[in-house]
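The values are calculated or read from the model by the stated rules, or taken from the named source; none is laboratory data. Predicted, not measured: the structure shown is a model, and the values here were computed from it. Positions of Cβ are generated from backbone atoms using ideal geometry, with glycine treated the same way; all protein chains shown enter the neighbour counts. Keep in mind that these areas ignore ligands, DNA and RNA; they rest on the heavy atoms of the full protein, side chains included. Shrake-Rupley method; radii C 1.70, N 1.55, O 1.52, S 1.80 Å.
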Amino acid sequence: MNAVFAKLWLWVWHLLPANPILIRVVTGASRRSRHLWLRAGYLSALLLVVLFLLITAMTGESGSLTDLAKGASQTFMWASVAQLAMMCFLAPVFTAAAITQERDAQTFNILLSTPLSNGQIVFGSLMSRLYFVVLLLLAGLPIFLVTTAYGGVGTAQIFESFALSGATAVLTGSLAIFVAMVRVGTRGTIFSFYLLIGLYLLCLYLLGLWDQTWLDTSPANLAGRRMSWLTPFHPFLALEVALNQVYAPSRAHLGDCSALTRFAWASPASFYVVWTLTLALVLTTVSVIFVRRGAKVGEPTVLNVIAGWFKRAPRGERMRKPRNVWANPVAWREARTRVASGAWLRWALIIGGLAGAVTLFIAHAGGGLSGGEVRRWLAALIVIQFAIAIIIATNTAATSMTKEKESKTMDLMLTTPLTSKYILWGKLRGLVSFAAPLLAGPVLMLVAFGLLGLGSTGAPPAIWIETGAELALLMVVYTAFACVISLRVSLVTKKNVTAVMYSVGLMILLYGAATLLGMAVVSGSGNEIGGFMAPFTPFTSIWYLVDSEQLFESTAAFTRGQIALRTAAAFGTAIAAVLYTFIIWSVYTGLVRNFDMIVRKQSGT
């Protein structure tokens, strides 16, 4: 028996603590400057949110301990949301790259030829990357403890918040390893994974706000909202219960339910941690099976042969229709090749958004939905579409220059008479043209609702006619901003996977922090000032320009102040568009100025 336990302990020891991959990554990668800057950026963003909200709470009209405790509670809530959001996207960045970087460097097959077992490869890759995520969580703990100085935040809430973030990081990391093992790829792997996470979080959260999913046994909060039965399956919904923003039903009111259901609904945060860790273990275990199967990718299978029969072209002469190239061929190539590679995704996004908008339009025109309900649902739908469009545009721009370097077409392009200004402007224009159809759906929705509201009298229409033009301008500018920043990352980076990691992470950090701060400022200001400030951050511009009634205390106040609000929103939109256009132009001119130096430095000449 002792010999069995000794062998079991030796197997566990080599699987995790003494795993060569774990030791190599932790001791080597932790010394890199980019990991230092990543930790510094994460803590800076978290500290910025906490300090800004604490200062805002302390500068209120009253300095009583009750107000300070309430302000600390709100600060902790937003800091927890920011931490959880960053964990949802930073964990896949580390873990997905564990396999894709090996494939890019052509070292994965060498790794398979070593004496390492499948379990050591999978668990070593996973735990070595989750090590950095755990360090980020622990590094942010002192920042959260600052919020307990004035009361209003308990130790149990801090631990529940960290448990939700840690469990989410483990699940997303395990899922990223699973996807990377099963599906060979680099850029597509990370991009599809981010898209899946974003869709899951956004769609399930919006369903949780729908009153048809609320539990009757759950007590209502001050706003009349109850806990949804989807709460145990969503980290942000579970976080709201942990922070006492929404109340869970007691076990006494769930007597007719099964033991598992009582546990899930009475303790949603604990249930979320349990099922996420269990699923993470299952995914990691299944990934072990596909470690060496991935090496056989490319070999013909029975399914490939059968599928090839249906794809064979008819006999005879085959001709391609002539193409009308734009005045800038670089822009045409960037836009058209991207459209061809992701046509199904673009059409799915456009058709899905239009289907939802048409449903809302028919319901509102028939009197089934009030103006306030239409605004809330329409704002949520446009936020989802715009978030997906930004992720797609960022991913596309991040690989705009790296794909030229990896395919060795950059050297060919540099031998042509094309100047750096011509190339970069063509890239930027092509990327914006590629993303523009993704933004056309939300604009058409707003224009249709605006035209319908022109004939309304008395109460404000569901959507004002100028809202479509304002958001069209803002969304194009914000998309161009994401494209030019990602284009810069792509220029200074050599690999697709690295460029995608940095670009998507940077956009999430910038847009996420800006949205959190913007939400706090706009909701705190309210009225016309809030309408003026809303266009300066991406998602607040959509949320508050579409659903402007949230800026007022009542519908009557909203009706009285609609003229001043529309004027303030128009001025804010114009100023925000000019400001972001100046930033985009500054980044673009900097790229043109440093293009030759960066390319020559990377080529080693």
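Each of E404, E528 has its accessible area taken with a 1.4 Å probe; listed largest first, they run E528, E404. Using a simple spin-label model with pseudo-atoms 7 Å out from Cα toward Cβ, S33 and S370 lie 5.8 nm apart. Shown here for segment 479-531: trypsin sites (Lys or Arg not before Pro) in loop regions (DSSP other than H, G, I, E, B) with at most 16 other Cβ atoms within 10 Å, namely K494. What's the center-to-center distance, using Cα atoms, between segment 137-178 and segment 69-90 in Å? After rounding, the separation between the Cα centres reads 9 Å. Within the same chain, lysines fewer than 8 places from K70 are excluded, and of the rest, none has a Cα less than 22 Å from its Cα.
Can you list the lysines whose alpha carbon sits under 30 Å from that of K321, skipping same-chain ones fewer than 8 residues off? List returned: K311, K403, K405, K408, K427. M86 sits with roughly 20 Å² accessible to a 1.4 Å probe, with DNA, RNA and ligands left out of the calculation. The three principal axes of the Cα atoms in segment 417-555 give end-to-end lengths of 61, 31, 22 Å, sorted in falling order. Ordered from largest to smallest accessible area (heavy atoms of protein chains, 1.4 Å probe), the residues C88, C257 come out as C257, C88.
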